[in-house]
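What follows is a single structure, written as structure tokens, with notes after it.
The values are calculated or read from the model by the stated rules, or taken from the named source; none is laboratory data. Computed from a predicted model, the values in this text were never measured in an experiment. Every residue, glycine among them, receives a Cβ derived from its backbone with ideal geometry; neighbour counts consider all protein chains shown. Ligands, DNA and RNA are stripped out before the accessible areas are found, and what is left, the full protein with its side chains, is counted by its heavy atoms. Shrake-Rupley method; radii C 1.70, N 1.55, O 1.52, S 1.80 Å.
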Amino acid sequence: MASNPLLSPAHLPDFGAVRPEHIEPAITQLLTQAQAAQAKVTAADFPANLQAIERELDVASEALGLAWGVVGHLNAVADTPELRAAYNAMLPAVSNFYAELGADEALYGKYKQVAAEQPPSDPAQARALHLALQGFVLSGAELEGAQKERFTELQNRGAELGQAFSEHVMDATDGFALFVPAERLDGMPADVRAHAEELARAEGRPGEAKLTLHAPCQVPLMQYAHDRALREQIYRAYVTRASEFGPAEQDNSPLMHEILALRHEEAQLLGQPDFASLSVLPKMADSPEQVLGFLRDLASRARPHAERDLAAARAHARTLGLDDLQAWDLAYVSEDLKTRQYSYSEQEVREYFTLPQVLDGLFALLGQMFGLSLRRIEGSVWHDSVQLYELQREGRLVGHVYLDLLARVGKRPGAWMDDVRGRWRRPDSGQLQTPVAHLVCNFAPGADGQPSLLTHDDVQTLFHEWGHGLHHLLTEVEVGGVSGIDGVEWDAVELPSQFLENLAWEWPVVQRLSRHVKSGAPLPRALFDKMLAAKNFQAGLQTLRQVEFALFDMRLHQAENPAVLELLREVRQEIAVHLPPDFNRFPHAFSHIFAGGYAAGYYSYKWAEVLSADCWAAFEEEGVDNPATGARFVNEILARGGSRPALESFKAFRGREPLVDALLRQQGLG
């Protein structure tokens with residue numbers, strides 16, 4: 001056990017050394033230790049004292065959480081059959097521990113006693129105690145007997161189903177490959193095409209191209225490939241992933257129904273009419289009805305713009321000989337219309353955003369805005385493309401961040417930030433633990449010896465994830481449970497990430513980020529002005545699409561035994577202006593709500609956009625490079641973490657309640 005990397009006391013995990021055979025013995029040992037700590041602090045003679053509980057239970061559960069987080073992370077970014085089997089073998093035991101811990105009546109009693117007899121005077125500790133008590137209630141601590149047992153069963157089964165859902169999506173994505181003659185890729189970016197041909201050659205098929213459903217291939221193919229039949233084929237494969245149209249063992253249909261039924265039962269056990277009502281309890285929003293009203297109001301404002309967007313796309317499609325605009329034509333027609341309307345192409349822009357230069361420019365910006373210096377260091381990583389950085393501020397260690405930015409087989413699609421460790425004044429040593437984070441993206445690898453080329457959307461994605469990262473890394477809070485992203489309401493957690501995206505539209509920033517892949521010249525101002533003019537191209541359609549997803553999610557979790565596809569059709573009839581084909585199985589790969597944390601919470605993206613746009617408006621009013629505004633944003637939003645309600649942090653920065661006007665203006669919908 002001494003050589004087991006999951007048991008290492010080192011601050012940074014030894015990712016590269018972890019093997020599937022390490023998982024069961026390490027997690028079993030850490031579970032045993034955490035369970036012993038739980039038993040100790042819930043004994044009748046153990047004092048109802050927060051510091052004493054932290055020294056025993058929080059230290060033991062943090063060690064378990066760290067090791068299990070490493071395993072879960074590797075399962076998401078370096079999946080193998082052996083690792084998956086080892087992860088799934090331990091998932092029930094870990095899920096059961098956390099479910100029972102959250103519902104532990106004796107532990108809940110200790111916390112209630114603390115609140116009654118010795119409430120903390122420190123605001124961050126008081127907030128952490130408040131959230132802990134709320135967490136106990138929402139975890140079933142007030143249930144008894146058979147109801148409590150059933151609640152734990154629901155939690156454990158839900159964890160298993162979410163993992164299976166995610167695996168099905170990954171397997172369906174990884175399992176698809178289409179080999180076509182290379183000439184069928186006419187219109188696609190040269191580097192994407194070259195990479196597809198490289199993949200085919202590696203499998204002994206020269207002259208062909210290997211197409212996959214990974215975003216770096218699927219997205220540009222839908223935007224640029226002239227071959228309409230090929231677009232339809234890839235579209236159909238993509239939107240039917242993990243459904244009844246594929247292998248039966250990957251069909252998420254029964255999983256969705258069981259997940260929804262379990263959530264509904266969970267909500268009713270906790271005295272709520274439905275899971276949507278349960279979900280909003282710890283969030284900023286007051287009720288599902290408030291959320292539905294917010295979404296429908298946004299849809300009504302965006303709809304006239306979306307109808308004009310669609311009419312323009314249909315008119316342009318006819319000039320391309322496409323009299324019947326289909327779902328697999330929309331991205332292609334839209335990209336061509338945008339190119340002609342604004343006299344530039346995304347392909348042209350990509351050649352200016354090489355990944356190394358974008359990172360250099362971003363790091364310089366982080367130094368200017370937040371006083372951060374980043375130094376790449378050697379460390380144990382899970383893939384040779386992963387980079388590890390140490391962050392310092394005024395000579396003081398701030399934290400560490402791992403960057404895993406390129407797409408590959410065995411890696412979950414999408415982009416995300418996750419925490420490895422949180423900032424915490426450790427109760428066992430008194431030492432300050434600095435935060436550690438992962439930033440994960442799925443950018444296209446470079447081809448023919450060139451670096452990875454990013455679209456401007458990719459650049460915004462990178463800034464978005466760094467916004468989450470800064471929220472976690474720049475916290476000044478030292479109390480567990482409310483430092484960094486911990487304790488931040490789910491519908492506010494996107495504020496810093498969406499805020500940082502705005503910087504990718506600032507000309508001085510873009511100058512730093514861009515160098516042409518061949519000439520080394522920065523992006524021309526004239527080209528940037530065209531990009532800026534096109535910034536809100538089809539903003540109406542894009543807004544309705546996000547509202548559609550959010551409304552579907554909320555209504556799905558209000559219903560008992562919903563017919564998933566029928567409900568989606570209802571929502572689309574209400575919201576959408578361009579309906580996808582009947583074979584579209586979008587819900588079957590909607591991992592955000594079925595395998596992530598966004599169940600009855602997908603609205604958070606639009607909700608937080610209101611907050612982030614309003615915060616950005618302060619920079620527009622006071623100067624984007626105004627150091628006082630920047631310092632206020634760091635001090636009142638980023639540094640505070642979850643140590644106070646998000647609305648209080650917003651008002652401390654902005655001086656008032658949030659308004660939707662800035663978002664509408666920013667997206668050209670005002």
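Miscellaneous remarks
- Lone qualifier among Ala276, Ala261, Ala299, Ala267 - being in a helix (DSSP H, G or I), aliphatic (A, V, I, L, M), open to solvent by less than 60 Å² (accessible area, probe 1.4 Å) and under 30 Å from Leu322 (Cα atoms): Ala299
- Some residue of segment 499-512 being in a loop (DSSP other than H, G, I, E, B) and touching a residue at least 40 places away in the same chain (Cβ under 8 Å): yes
- Only a single criterion out of (1) modelled with pLDDT under 95; (2) open to solvent by 20 Å² or more (accessible area, probe 1.4 Å) is not satisfied by Gln341, namely (1).
- In this entry, Phe363 is excluded by the filter for residues that are modelled with pLDDT under 95, buried (at least 16 other Cβ atoms within 10 Å of the Cβ) and under 30 Å from Gly597 (Cα atoms).
- Looking across Arg236, Arg193, Arg205, one residue alone is over 22 Å from Pro445 (Cα atoms) and either basic (Lys, Arg) or buried (at least 21 other Cβ atoms within 10 Å of the Cβ) (or both). It is Arg236.
- When residues of segment 115-143 are limited to those that are more than 16 Å from Gly487 (Cα to Cα) and surrounded by 20 or more Cβ atoms within 10 Å (Cβ to Cβ), the one farthest from the chain's Cα centre (by Cα): Ala141
- Within segment 1-20, being in contact (Cβ under 8 Å) with a residue 24 or more places away in the chain and of a type in the set (A, V, I, L, M, F, W, C) holds for Met1, Leu6, Leu7, Leu12, Phe15, Ala17, Val18.
- Only one entry in Pro435, Pro451 is open to solvent by 30 Å² or more (accessible area, probe 1.4 Å) and either under 24 Å from Gly601 (Cα atoms) or at pLDDT 95 or above (or both), namely Pro451.
- Residue check, Ser604 more than 30 Å from Met170 (Cα to Cα), of a type in the set (Ser, Thr, Tyr) and open to solvent by less than 30 Å² (accessible area, probe 1.4 Å): no
- Considering residues of segment 410-424 that are within 19 Å of the chain's Cα centre (by Cα) and part of a loop (DSSP other than H, G, I, E, B) only, the residue surrounded by the fewest Cβ atoms within 10 Å (Cβ to Cβ): Gly414
- Residue, nearest to Asp174 (Cα to Cα), within segment 388-397, restricted to residues that are open to solvent by 10 Å² or more (accessible area, probe 1.4 Å) and touching a Leu at 6+ places or on another chain (Cβ under 8 Å): Tyr389
- Only residues that are outside any strand (DSSP E or B) and more than 25 Å from the chain's Cα centre (by Cα) were counted in segment 358-395, giving 5.
- Test set (1) part of a helix (DSSP H, G or I); (2) closer than 26 Å to Ala261 by Cα - Leu541 fails condition number: (2)
- Residues in segment 273-330 that are of a type in the set (Val, Ile, Thr) and more than 26 Å from Leu579 (Cα to Cα): Val280 only.
Results for (1) modelled with pLDDT of 95 or more; (2) within 25 Å of Gly481 (Cα to Cα); (3) touching a Gly at 6+ places or on another chain (Cβ under 6 Å), shown as yes or no for each residue.
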| site | (1), (2), (3) |
| --- | --- |
| Ala613 | yes, no, no |
| Gly623 | no, no, no |
| Asn635 | yes, yes, no |
| Leu638 | yes, yes, no |
| Gln667 | no, no, no |
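- Residue within segment 479-496 that is part of a helix (DSSP H, G or I), at pLDDT 95 or above and open to solvent by 30 Å² or more (accessible area, probe 1.4 Å) present: no
- Complete set of residues in segment 392-407 that are touching a His at 6+ places or on another chain (Cβ under 7 Å) and under 15 Å from His472 (Cα atoms): Tyr402
- Considering Leu406, Leu391, Leu330, Leu362, the condition of being without any contact (Cβ under 8 Å) to a residue 60 or more places away in the chain, of a type in the set (A, V, I, L, M) and at negative phi is satisfied by Leu406 alone.
- Restricting Pro445, Pro427 to those that are more than 30 Å from Glu648 (Cα to Cα), open to solvent by 20 Å² or more (accessible area, probe 1.4 Å) and either touching a strand residue (DSSP E or B) at 6+ places or on another chain (Cβ under 6 Å) or not aliphatic (A, V, I, L, M) (or both) reduces the list to Pro445.
- Lone qualifier among Leu659, Leu579, Leu669, Leu647 - being open to solvent by less than 30 Å² (accessible area, probe 1.4 Å) and either over 18 Å from the mean Cα position of the chain (by Cα) or not hydrophobic (A, V, I, L, M, F, W, C) (or both): Leu669
- Yes/no for Gln147 being in contact with an Asp or Glu (Cβ under 8 Å, 6 or more places away or on another chain), open to solvent by 50 Å² or more (accessible area, probe 1.4 Å) and either among the aliphatic types (A, V, I, L, M) or part of a helix (DSSP H, G or I) (or both): no
- For segment 166-181, a residue qualifies if it is over 16 Å from Arg236 (Cβ atoms) and surrounded by fewer than 17 Cβ atoms within 10 Å (Cβ to Cβ), and the qualifying residues are Phe179, Pro181.
- No other residue among Gly158, Gly187 is closer than 30 Å to Lys283 by Cα, open to solvent by less than 50 Å² (accessible area, probe 1.4 Å), in contact (Cβ under 8 Å) with a residue 24 or more places away in the chain and touching an Asp or Glu at 6+ places or on another chain (Cβ under 9 Å) apart from Gly158.
Matching residues to (1) among the polar types (S, T, N, Q); (2) not in a helix (DSSP H, G or I):
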position	(1), (2)
Met531	no, no
Leu551	no, no
Leu568	no, no
Leu579	no, yes
Asn584	yes, yes
Ala599	no, yes
Lys606	no, no
Val610	no, no
Asp614	no, no
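- Tyr332 being crowded, with 17+ Cβ neighbours inside 10 Å, out of contact with any Asp or Glu (no Cβ under 7 Å at 6 or more places or on another chain) and not in a helix (DSSP H, G or I): no
- Selection of segment 617-629 for residues being assigned to a helix (DSSP H, G or I) and open to solvent by 10 Å² or more (accessible area, probe 1.4 Å) yields Glu620, Glu621, Glu622, Pro627, Ala628.
- Count of segment 116-144 residues, restricted to those that are without any contact (Cβ under 8 Å) to a residue 60 or more places away in the chain and not in a helix (DSSP H, G or I), is 6.
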